[in-house]
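Below you'll find the structure I mean.
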Amino acid sequence: MKIASFWNAGRLRNMETLCLASWLEIGAEVDLYHFGPVDGVPKGVNLRPASEILSQDYMVRLMPVLRPERSVWQPVVNYSDLFRVKLMERNAGLWLDCDVLLFRPFAFDPAKPFFAWEDHHRIGSPVFYLPPDSPMIADYLQVLDSPDLMPHWLGLKRGFLRPTIWRLQGKEFSPPDLGITIYGNDAFSRLARKHRLLRHALPRQAFYCWNADETKRFYMPGAPGIEHDPSIIGLHIHHKPHGLPRPDPASLYGRMLAKLAHRLPDLHWAEQAG
């Protein structure tokens, strides 16, 4: 199995280093695409130039106009969503976000989509695979070939009303001003529904058993032993605080650090408060 992901540049957080190590642990070949230098990468991960898949020029075109304070990080997020679909077109592997921790090996049919429900109405984008001939890819290629990268799959509010109001007000805007998820899980959910692919979605339990706020449990001692539940393949760790001290060994974070210690490079920890 080949797993691929994207990290623009800079040092991985320790949690993300752990996640990549967990992919190696299940025997996967791991490709991490990037632009600038990347540190904290486990030995065995293949570093590859992201330009092999999608030009960095797209990131420049994804700058928000009405919300310039988001320009530091949102273009990377939106680029990543487009990148993973181009990856599927190239048949270059299963996509995992760098914050998806795997607990056990799993298999998927490369001739079928592979994703899971993130909540009651959306499929998640952090774990994603489409066969190269998927009609969803054609939808994305249409957007990638357009001059303004405007999605055609948006609903009434974001696809028509909001842009119309902005134009009447004389405001300049770009598609990223319409929302962070317009190329991500919102798009994937709408297009999977359009092409009748939702029947392929795994239960939420497979990768999203904890919601965004609940993933704080990952760092706390005494967290449930979800790593032993055979219905849980992995965990998307949505909550990612910066500058953490070394975690309590009794936390899920601490337990997985101990399990994967043989695959981890030297990790940098913040000083323990007090």
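For a quick check: with amide H placed at 1.01 Å from N, whose amide H comes under 5 Å from ALA4's, ignoring anything fewer than 5 positions away on the same chain?
ASP31, LEU94, TRP95, LEU96
Which order do the peptides 80-86, 18-24, 115-121, 250-256 come out in when sorted by mean C-beta neighbours inside 10 angstrom, highest first?
On the way: 80-86: 23.4, 18-24: 25.1, 115-121: 16.7, 250-256: 19.6.
Order by mean packing, descending: 18-24, 80-86, 250-256, 115-121.
Search the structure for amide H atoms under 5 Å from the amide H of VAL38, placed 1.01 Å from N in the peptide plane, and list their residues when 5 or more places away or on another chain.
Residues meeting the amide H criterion: GLY10.
So in the chain, what percent of DSSP beta bridges are antiparallel if you round to the nearest 5?
Antiparallel bridges make up about 35 percent of those DSSP assigns within the chain.
Once the piece of chain linking GLU29 and ARG61 is laid out straight, how much longer is it, given 0.36 nm per residue of separation minus the C-alpha distance between them?
Going from the current span to full extension adds 8.4 nm.
Positive end of the charge dipole of the range 96-239 (Lys, Arg +1 and Asp, Glu -1 on Cβ, about the Cα centre): tell me which of ASN211, TRP153, MET136 has its Cα farthest that way.
TRP153
Next question, about the same structure. Relative to the longest principal axis of the chain, what angle (0 to 90°, nearest 10) does the C-alpha long axis of helix 14-25 take?
Relative to the chain, helix 14-25 is tipped by roughly 80 degrees.
What aspartates and glutamates sit close enough to LYS112 to cross-link, taking a C-alpha to C-alpha distance under 14 Å and skipping anything fewer than 8 places away on the same chain?
Correct list for LYS112: GLU89, ASP133.
Starting from the Cα-Cα distance between HIS195 and LYS112, subtract it from 0.36 nm times their residue separation and give me the gain in nm to one decimal.
Using 0.36 nm per residue and subtracting the Cα-Cα distance, I get 28.6 nm.
Please state the charge dipole magnitude for the range 2-263, taken about the Cα centre, from unit charges on C-beta atoms (+1 on K and R, -1 on D and E), reported in debye and rounded to the nearest 20.
360
Okay, moving on. When the helix-only estimate is applied to the chain (DSSP H runs of n ≥ 4, each -39,500 (n - 2.57), divided by the residue count), what is the mean residue ellipticity at 222 nm, nearest 500 deg cm²/dmol? If you can, show how the numbers build up before the last one.
Details: 7 runs with 68 residues, N = 274.
Using -39500 (n - 2.57) per qualifying helix, the result is -7000 deg cm²/dmol.
Starting from the 7 Å offset along Cα-to-Cβ, what nm value, one decimal, do you get for the label separation of LEU141 and ARG70?
Going from the LEU141 label point to the ARG70 one covers 2.9 nm.
Sticking with this one: For the range 247-257, just list the computed ³J(HN,Hα) in residue order, Karplus coefficients 6.51, -1.76 and 1.60, θ = phi - 60°, integers in Hz, with x standing in for Gly and Pro.
After applying 6.51 cos²θ - 1.76 cosθ + 1.60, I find x, 4, x, 7, 6, 4, 4, x, 5, 6, 4 Hz.
OK, next. Pop a pseudo-label 7 angstrom from the Cα along the beta-carbon direction at both LYS2 and ARG48 and give the gap in nm to one decimal.
According to this spin-label approximation, the distance is 0.5 nm.
Would you list, by chain and number, the lysines whose Cα falls below 26 Å from the Cα of LYS157, excluding same-chain residues fewer than 8 positions away?
Those lysines meeting the cut-off are LYS171, LYS194.
Once phi is turned into θ = phi - 60°, what whole-Hz ³J(HN,Hα) does the Karplus curve with 6.51, -1.76 and 1.60 give for every residue of the range 54-66, x standing for Gly and Pro?
Values, residue by residue: 8, 4, 5, 4, 5, 5, 5, 6, 9, 6, x, 9, 6 Hz.
Laboratory data are not the source of any read-out in this text; all were calculated from the coordinates shown. Small disclaimer: the values here were computed from a predicted structure and weren't measured. Because the Cβ atoms are built from the backbone with ideal geometry, glycine has one as well, and the counts that use them run over all protein chains shown.
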